[in-house]
Amino acid sequence: VANPYVIALGNPATGAHRVNLAGGINSLGTTIGPLLIGYALFGSINGADTAHTGVAAVKMPYMILAVALVVFAIILGLSKLPAVKNEAHLEKSIGALRYPQLIMGMVAIFAYVGVEVAIQSNLPALMQLPEIIGSEPKYTLHFISLYWGSLMIGRWMAAVTVFDLGKSARLFWRIAAPLLAYGLIILVNYIKGSPVNDFIAYFPYILILIALYFVGQEKPARTLVLFSLAGMVMMLVGLFSTGSMALYAFISGGLFCSVMWPCIFSLSIAGLGKYTNQGSALLIMMILGGAIIPPLQGLIGDHYGMHISYVVPVVCFAYLAYYAWKVTAVLKIQGIDYETGV
């Protein structure tokens, strides 16, 4: 519901940037949330004292969440947000499916959500392999935090574009924002007592992310091509290497997934006109990929080895790169050119 609304609040060509801002705030909650929940459930930030924790400890946090949702609904209802309505007559059929950019985009959302969830879901099993790091899941939680934090790093970087900044200030914050997000991940894990030294070797991947975003020039299709190809390359590096090099390569998939959602979303609903809401609903349905692709990868891992199972993310990133290349031509036929801002 929120995505098409956020895109409709301004120029559709810059809708991806506004969705990135929302996603960046979402990722901030994902990063800080475990600290709050750990304190609420266990009475300590690191959640070390779990021996006497039962179901009763969960009740209060959920009550607080319920109250927060009600308060948020009231604030949203009383706010003066502009109304975005579709007054056009719609046929009973799903007219949005006439547009090839939407159909391809539905598959892209399926693949994107699937790969984003699959990389992390299978990381604990991967990290138990002797050729990776050979550690039990309870000792590798900080790597999971780094993966989800990687999404925040990319989204904070992209969200800078939303603000009306001068050329020098924008350049500064494009570099500073992802580094601040990286620092926040380290700080949160330090507070939790995690071995933050493991994060130092990840810094070069963040520099690659920043460089690719500059090359993408804030254009959704170009950025999606670059990030998809980078994700595919990193998955191949992980497949053909071992140890920490393979691990960091796989984790960096979070960096390159970070800004894909708004890119795919804005490209898929471009030019849909009165069918924008229909198209948005169909796109949202395709997050089903997050429930299908991870167990599919897990099944391959069970039969052929968890390391080789990361060929699944390679295939997903390959399709996303194809989509970004193909949709540009499709939209140009309809008179929509994101490369020139028309």
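Flag set for Arg155, criterion: among the charged types (D, E, K, R) and crowded, with 22+ Cβ neighbours inside 10 Å.
Just the residues that are in contact with an Asp or Glu (Cβ under 8 Å, 6 or more places away or on another chain) and either modelled with pLDDT of 75 or more or not in a helix (DSSP H, G or I) (or both), please, taken from region 34-56. If you could, list the steps in order and put the result at the bottom.
Quick first cut of region 34-56, residues in contact with an Asp or Glu (Cβ under 8 Å, 6 or more places away or on another chain) only: 42-43.
The one that is in contact with an Asp or Glu (Cβ under 8 Å, 6 or more places away or on another chain) and either modelled with pLDDT of 75 or more or not in a helix (DSSP H, G or I) (or both): Gly43.
Of the numbered criteria (1) of a type in the set (Gly, Ala, Ser); (2) within 22 Å of Gly38 (Cα to Cα); (3) touching a Leu at 6+ places or on another chain (Cβ under 9 Å), the one Gly183 fails is (3). Is it true that some residue in region 274-281 is crowded, with 24+ Cβ neighbours inside 10 Å and under 25 Å from Ile185 (Cβ atoms)? The answer is no; no qualifying residue exists. A single entry from Gly298, Gly290 fulfils the requirement of being over 30 Å from Gly95 (Cα atoms) and in a helix (DSSP H, G or I): Gly298. Listed by first and then second residue, the pairs linking a residue in region 92-116 that is in contact (Cβ under 8 Å) with a residue 40 or more places away in the chain to a residue that is open to solvent by 70 Å² or more (accessible area, probe 1.4 Å) and β-branched (Val, Ile, Thr), with Cβ atoms under 7 Å apart and 6 or more places separating them unless they lie on different chains, are Leu97/Ile103; Ile109/Ile287; Val113/Ile287; Gly114/Ile292.
Would region 295-310 turn up any residue that is under 19 Å from Gly23 (Cβ atoms), touching a residue at least 24 places away in the same chain (Cβ under 8 Å) and surrounded by 20 or more Cβ atoms within 10 Å (Cβ to Cβ)? No, there is no match, as no residue in region 295-310 is under 19 Å from Gly23 (Cβ atoms), touching a residue at least 24 places away in the same chain (Cβ under 8 Å) and surrounded by 20 or more Cβ atoms within 10 Å (Cβ to Cβ).
Checking each residue in region 158-179 for being at pLDDT 90 or above and either among the hydroxyl-bearing types (Ser, Thr, Tyr) or within 22 Å of the chain's Cα centre (by Cα) (or both) picks out Ser168, Trp173, Arg174, Ile175, Ala176, Ala177, Pro178, Leu179.
Every listed requirement among (1) modelled with pLDDT under 95; (2) surrounded by 17 or more Cβ atoms within 10 Å (Cβ to Cβ) is met by Phe317 save one, (1).
Residues are listed down the side, and each one gets a yes or a no for (1) at pLDDT 85 or above; (2) touching a strand residue (DSSP E or B) at 6+ places or on another chain (Cβ under 7 Å); (3) among the polar types (S, T, N, Q); (4) not in a helix (DSSP H, G or I):
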{"position": "Tyr5", "(1), (2), (3), (4)": "no, no, no, no"}
{"position": "Gly24", "(1), (2), (3), (4)": "no, no, no, no"}
{"position": "Ile32", "(1), (2), (3), (4)": "no, no, no, no"}
{"position": "Glu87", "(1), (2), (3), (4)": "no, no, no, yes"}
{"position": "Phe110", "(1), (2), (3), (4)": "yes, no, no, no"}
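Restricting region 210-243 to residues that are under 21 Å from Leu126 (Cα atoms) and in contact (Cβ under 8 Å) with a residue 40 or more places away in the chain, the residue that is surrounded by the most Cβ atoms within 10 Å (Cβ to Cβ) is Gly231. Within region 113-147, track down each residue that is over 24 Å from the mean Cα position of the chain (by Cα) and part of a helix (DSSP H, G or I). Within region 113-147, Lys138, Tyr139 qualify.
The values are calculated or read from the model by the stated rules, or taken from the named source; none is laboratory data. Just so it is clear, the structure is predicted and the values come from calculations on it, not from any experiment. Glycine gets a Cβ as well: all are built from the backbone with ideal geometry, and neighbour counts include every protein chain shown. Accessible surface is based on the protein model in full, side chains and every heavy atom, while ligands, DNA and RNA are left aside. Shrake-Rupley method; radii C 1.70, N 1.55, O 1.52, S 1.80 Å.
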